[in-house]
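Here is the structure we will look at, set down as C-alpha cells.
The values are calculated or read from the model by the stated rules, or taken from the named source; none is laboratory data. Computed from a prediction, not measured in an experiment: that's the story for all the values here. We place every Cβ from the backbone using ideal geometry, glycine too, and count neighbours over all the protein chains shown. Each accessible area value is taken on the protein alone, full model and side chains, heavy atoms only, with ligands, DNA and RNA left out. Shrake-Rupley method; radii C 1.70, N 1.55, O 1.52, S 1.80 Å.
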Amino acid sequence: MAAKEQLTMAEMIWDLMNGKRGHIGKTDFIPQKEAYGPEKQKPYFPRATPESQGISSEALCQMIRELAQSRKNDLHHLLILRNGKVICECHFSPYRSGIWHASYSLCKSITGMAIGLLVFEGKLSLTENIYDIFEKKNGLLQRILRPNVTVEHLLTMTSGVQFNEMGAVSGNDWVGSFLGAPVKGTPGEEFEYNSMNSYMLSAIVTERTGVSMMEYLRPRLFEPLGIIRVFWECCPAGITKGGWGLFLCPEDAAKLGQMYLQNGVFEGKQVIPSEWIAMSTVRHSDPPERMGCYGYGYQVWMEERPGSFAFNGMLGQNVLGYPDTNMVIVTNAGSRELFQSCELLDVIRKYFGNGFTPATNSKENPEGYRRLLELCGKMEEIRTDGRRILRGGWKNHGCSRRIQDTVPVEYARKLDGRVYEMEDPHVGIFPLVMQVFHNNFSEGIRRAAFTWDQGRFFVTFTEGKTEHRIEVGLTGSRISELSVNGEPYLVGTTGTFAKDENQHLVLKLDMAFLEEAARRQVSIRFLDEGLTFEWNETPGKELILAGLNSLVDTMAGNYLLSALRDKGEDLIHLLMERTIEPVVYAHLHTAADDAAVAETEAESSGEEKEQKQSSTEE
C-alpha cells in the first residue's frame, strides 16, 4: 500500500480511537442509498416439496439446525432451489422475506459478467494492458516503466497492484491512485485478494461504454432476469464500485445462479454468453487456504463439488451453484468469518458437497415436510423473546436474570418522558463496519429519550441534528426506518429488561440493520443518578481486531501506528476495544444542556459562515 493510503488509514484509525466525530475519511460523501420501499418482492420461482425434487425434508431440517446453532454463524436468509424450484426458504427473525440485502463481494461475480459481455461484444480483450486502456490518465514514464497488467490479471486477483480496499478512504480519484500504485512481483503469478481489482473492471466498462457499469448491466442482465429492485453504490467519480456496494434480494440472487446453471440462458434468452460461463467457472488462480481451497476463476470461486462454483461475499453472502445436481443455494448472513473457508459453507458442504447424491425415486414425506415448514416458521420467530439474540444469555452482560414478560411493559411506562444527555457524544447509531464500508461517518449521539406512546415503546437517539426514533419490540422485533446522513436504512429492534448483579435495571437493545450484515447492541444500565450505555456490534471486536492485526503488519512503517506499537500491541488492542465496545455515561437532561447545545450550534454556524466567506474571497 502506498504511503498516502497508509497515512490516511492510520489517521482514520487514530481519529476513531480518539472519538472524533463527523466525516473522517478523505473521500467525499454524497448520500446515495435508496429506500427499499414498502412493497415486498414477489416470488418468481415455483415452490415444491423437497421430496418431489429428490431431497429429504429431514436432512434440510438437520442442516438448518446446525446452521442456527453454529457459534460463528448469524444466518439471515436461506433459499434452496433444485430443478428451478424453491424447496426450502427460511428467514431468521428479524430479517424478513422480500427485502434486499447487502451482497458485499458477492457482486464481484456480477462485475465479471459485465466484462464477459463486453468481451463478446468485441469491445474488450482480456489481454489488454490496463495502462493502455487508461492511456489518458498515465504519463509517458508511467506507461513505459509499468509492467503489463492485463484485464485477466484483474479478473483472477493476480494484478499485484498495491492500491487496495484501504484506498477507498484516501481520496476521490481511485482510478488514478490504482494506476499510480506500485506493483508487487510479476502480474499473473500470485493471488492477492483486492477489491480494487474489481473496481477497476467496473471502471473499464465505463471507459469503453461511456456509462456506469450499473447502467450498462440494467438492460443486458437485470431487466432480462426481472431484477427490478436493485441498488449499487458508486464512487465519488460516478463509477459503480464493482467489488462491493450492491443490494440484492435473495430470490434475485438465485436467478443469477440459476442462469449460470443454464449456461447463461434465462427464460429462453441467452443473457450471458455460454462461453463466458465456461471460462469464468474454472480455476485460473490459487487463493491461500485460509480464503478458499478450491481455486478462483474470473471473479468466481470454485467449490468443493467438481464443477460447482460460488459467488461469495464476506460474512456469509453466497450464491452456490451445483450444475451436476441442478441446485442453487443462496445465503445472507452476518457471520464472523470473511471468506469461503468458513463454518457456514462447511455445514452446507456436509449436506450438498462431494458426498451428496439426490434421490431418483423419492417418496413424499408429508410429516417430514410439515416439520421443515414448522422449523422455518420458528426461525422467523425464535428471536422475539430476546434469547437467541444474546447467544448465551444475559450473564455475558453482567445481568443475572431476565424479568418476566408481564413486567417489561410497566418498566417501559415508567421510562416515558425521560431524556438523558451523553457525557461523551462520539458513538454513532451506525456500527463501525458500516461507517467505513459506506463512507458514512457518525456525528455522535448526544441525547437519548424514552417514550411510551399508546402501547408502543420508543427510544429516540439524537445524533448531530438528526433524531432517530426507534420503536422497540418487547415481545417481538419492531421495524423502523432511520436516515443516517441522508441515507435510509431499515432497522429491526428488540428490547429486553433485566436486573444486574447489583439489582440495577438494564435495558438490552438489539438493533438489526435488516439490509446489512451488521447489528448494533446496547445495554442501557440505569444507575442511581444517571445511566450508562454499553455499546457493541456484530460482527464486532473479534473480526475487527483480526483485521487490525493484518493492517498493523502492512503499515509497520507508519509513524502513528509504529509509535503506538512501540508502546505495545496490547495498547492498540485496548484502544480499539474501547472504540468498538465503548461505555458512555449519561445524566438526566437539564435546561443547561439546551443552552450548551444552542451555544455550540451558534459557534458552528459562525465557523461555517467564515469558511464560506473565505472561500468566496479566494
Worksheet item: Looking at segment 275-293, is at least one residue assigned to a loop (DSSP other than H, G, I, E, B) and among the hydroxyl-bearing types (S, T, Y)?
Response: yes
Worksheet item: Among the residues of segment 529-540, is any farther than 22 Å from T590 by Cβ, open to solvent by less than 10 Å² (accessible area, probe 1.4 Å), among the hydroxyl-bearing types (S, T, Y) and not in a loop (DSSP other than H, G, I, E, B)?
Response: no
Worksheet item: When A359 is evaluated against the numbered criteria (1) outside any loop (DSSP other than H, G, I, E, B); (2) surrounded by fewer than 18 Cβ atoms within 10 Å (Cβ to Cβ); (3) touching a residue at least 12 places away in the same chain (Cβ under 8 Å), which criterion, by number, is the only one it fails?
Response: (1)
Worksheet item: Which residue pairs have Cβ atoms under 7 Å apart, sit 6 or more places apart or on different chains, and have a first residue in segment 283-306 that is under 17 Å from I348 (Cβ atoms) and open to solvent by 10 Å² or more (accessible area, probe 1.4 Å) and a second that is in a loop (DSSP other than H, G, I, E, B) and among the basic types (K, R)?
Response: M302/R283
Worksheet entry | Selected residue (only one of V484, V506, V522 is within 27 Å of S103 (Cα to Cα) and touching an Asp or Glu at 6+ places or on another chain (Cβ under 7 Å)) | V522
Response to the item:
Reported set for segment 210-243 where residues are under 17 Å from V169 (Cβ atoms), in contact with a strand residue (DSSP E or B) (Cβ under 8 Å, 6 or more places away or on another chain), assigned to a loop (DSSP other than H, G, I, E, B) and open to solvent by 10 Å² or more (accessible area, probe 1.4 Å) is K241
Worksheet item: In segment 98-115, is there at least one residue being out of contact with any strand residue (DSSP E or B) (no Cβ under 6 Å at 6 or more places or on another chain) and over 26 Å from G226 (Cα atoms)?
Response: no
Practice prompt. Inspect segment 64-81 for any residue being assigned to a helix (DSSP H, G or I) and surrounded by 20 or more Cβ atoms within 10 Å (Cβ to Cβ) and give the result as yes or no.
Written response: yes
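Taking S198 as the residue in question, decide whether it is in contact with an Asp or Glu (Cβ under 6 Å, 6 or more places away or on another chain), buried (at least 23 other Cβ atoms within 10 Å of the Cβ) and closer than 29 Å to H23 by Cα. Spell out the reasoning first.
Details: in contact with an Asp or Glu (Cβ under 6 Å, 6 or more places away or on another chain): no; buried (at least 23 other Cβ atoms within 10 Å of the Cβ): yes; closer than 29 Å to H23 by Cα: yes.
Taking the combined requirement at face value, the residue does not satisfy it.
Within segment 362-383, track down each residue that is part of a loop (DSSP other than H, G, I, E, B) and open to solvent by less than 90 Å² (accessible area, probe 1.4 Å).
Here is the first cut: in segment 362-383, the ones part of a loop (DSSP other than H, G, I, E, B) are 362-365, 382-383.
Passing the criteria: S362, N365, I382, R383.
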Practice prompt. For segment 103-136, name all the residues that are of a type in the set (G, A, S), within 13 Å of V205 (Cα to Cα) and in contact (Cβ under 8 Å) with a residue 24 or more places away in the chain.
Written response: G112, A114, G116, S125
Discussion item. Residue pairs, Cβ under 9 Å, 6 or more apart or interchain, first in segment 23-35 and under 14 Å from S442 (Cα atoms), second among the hydrophobic types (A, V, I, L, M, F, W, C) and assigned to a loop (DSSP other than H, G, I, E, B). List them.
Written reply: H23/F29; H23/F441; I24/F441; G25/F441; F29/F441
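Residue-by-condition table, conditions (1) touching a Lys or Arg at 6+ places or on another chain (Cβ under 7 Å); (2) in a helix (DSSP H, G or I); (3) under 30 Å from H77 (Cα atoms); (4) modelled with pLDDT of 95 or more:
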site	(1), (2), (3), (4)
Y95	no, no, yes, no
G112	no, yes, yes, yes
S125	no, no, no, yes
K136	no, yes, no, no
I144	no, yes, no, no
A168	no, yes, yes, no
Worksheet item: Which of (1) open to solvent by 30 Å² or more (accessible area, probe 1.4 Å); (2) modelled with pLDDT of 95 or more does G557 not meet, given it meets every other one?
Response: (2)
Worksheet item: When only residues in segment 396-437 that are in a strand (DSSP E or B) and open to solvent by 30 Å² or more (accessible area, probe 1.4 Å) count, which is modelled with the highest pLDDT?
Response: V419
Item to complete: Please state which of the following conditions S103 fails to meet, knowing it meets all the rest: (1) at pLDDT below 95; (2) under 27 Å from the mean Cα position of the chain (by Cα).
Response: (1)
Practice prompt. Examine segment 250-273 for a residue that is open to solvent by 20 Å² or more (accessible area, probe 1.4 Å), among the charged types (D, E, K, R) and more than 23 Å from E89 (Cα to Cα), and state whether such a residue exists.
Written response: yes
Worksheet item: Among the residues of segment 323-335, is there at least one that is out of contact with any Leu (no Cβ under 6 Å at 6 or more places or on another chain), among the acidic types (D, E), open to solvent by less than 20 Å² (accessible area, probe 1.4 Å) and in a loop (DSSP other than H, G, I, E, B)?
Response: no
Worksheet item: Taking only pairs six or more apart or across chains, which ones have beta-carbon atoms under 8 Å, a first residue in segment 218-246 that is more than 30 Å from K26 (Cβ to Cβ), and a second residue that is among the β-branched types (V, I, T) and open to solvent by 40 Å² or more (accessible area, probe 1.4 Å)?
Response: F222/I228
